[in-house]
Amino acid sequence: MNVILMGPPGAGKGTQAKRIARKLDIPHISTGDMLREAVAAGTDLGLKVKEVMDKGLLVPDDLMIDLVRERLAREDTRNGFILDGFPRTVEQAIALDKMLDELKKDIDVALLVDADEEEVVKRISSRRVCPECGKVYNLLTLKPKVEGYCDNDGSRLIQRDDDRPETVRARYRVYSDKTEPVIRYYSGEKGNLVKVDGSGEIDTVTAEIVNHLENVKHG
Ligand code: AMP
């Protein structure tokens, strides 16, 4: 099953994407994670994108499209993929259609995990991540067993540079301007858009998503 996952920053996209990917046994392709890895490794791409990311702005479409094209062509996507954080502009959506055509693949469902700005700012300011394994915590709703340290490997948890409140608001604005039109793009007949409310409990949101995916699969 080929799934794209959209939604404002902090709606729980990443958390849900990881769960769904595990359940369906398909790769979780997060463009945000790929870029953060490039920044941490100091690659050419990483050097190009760091400043833009820190400001909460979007990385140029051509860089993103090349990155995703290369990733989707890999063998592990043959049974499906969950694309988290791409497309974020209508240009990216058009490019994605083209590359999927070439790869003879289709989007089965475009999933929107929604949340409003205040909810997002509240959530993201309490988000912490493990710099080693990438596990995401929330100081209010998804606490680590030992405060400040990762359950998996004991690393000290950090706050992402772009998770500061003022940057979150900038990211939300970018989302409204650039990504909401993408939602309209997938609202048409061929898009198969499904919307879930991301402000509920994590397990409830997952159950709702799984339910929708089952419907799409058998419908
Ligand atoms: P995320 O982890 O999905 O919130 O992404 C973190 C940051 O990476 C975003 O704020 C953007 O700066 C950049 N980014 C991730 N995906 C894209 C994309 N599809 N297009 C442009 N920039 C992106």
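The values are calculated or read from the model by the stated rules, or taken from the named source; none is laboratory data. Just so it is clear, the model here is predicted, and its values are computed rather than measured. Note: ideal-geometry Cβ built from the backbone for every residue, glycine included; neighbour counts use all protein chains shown. Note: accessible area is taken over every heavy atom of the protein model, side chains too, but ligands, DNA and RNA are not part of it. Shrake-Rupley method; radii C 1.70, N 1.55, O 1.52, S 1.80 Å.
Tabulated data
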| quantity | calculated |
| --- | --- |
| Flagged links, alpha-carbon separation over 21 Å, of Lys143/Lys195; Lys105/Lys135; Lys13/Lys178 | Lys143/Lys195; Lys105/Lys135 |
| Value of relative contact order over the chain, rounded to a whole percent, pairs C-alpha under 8 Å and six or more apart | 30 |
| Heavy-atom accessible surface of the stretch 2-218: percent carbon and sulfur, 1.4 Å | 48 |
| Accessible area of the chain divided out per residue, in Å², using a probe of 1.4 angstrom | 53 |
| Amide proton proximity set for Leu111, modelled H, under 5 Å, gap of 5+ | Ile4, Leu5, Met6, Val194 |
| Most mobile of Ile158, Ile29, Ile82 in a GNM of the chain (Cα contacts under 10 Å) | Ile158 |
| Global geometry of the chain, whether rounded, prolate or oblate, following the gyration tensor of its Cα atoms and the 1.5 cut on a/c | rounded |
| Positive dipole terminus of the chain, leading residue within Leu57, Ile202, Gly154 (C-beta point charges) | Gly154 |
| Anisotropy class of the stretch 168-219 from Cα gyration tensor, a/c 1.5 cut | oblate |
| Estimated inter-spin distance, Leu139 and Leu47, nm [label 7 Å along Cα→Cβ] | 3.5 |
| Estimated distance in nm for a label pair at Asp62 and Ser199, the labels positioned 7 Å out from Cα along Cα-to-Cβ | 4.1 |
| Spin-label model distance (nm) - Ala207 vs Glu102, 7 Å beyond Cα toward Cβ | 4.3 |
| Accessible area, probe 1.4 Å, largest first, for residues Arg74, Arg184, Arg128 | Arg184, Arg74, Arg128 |
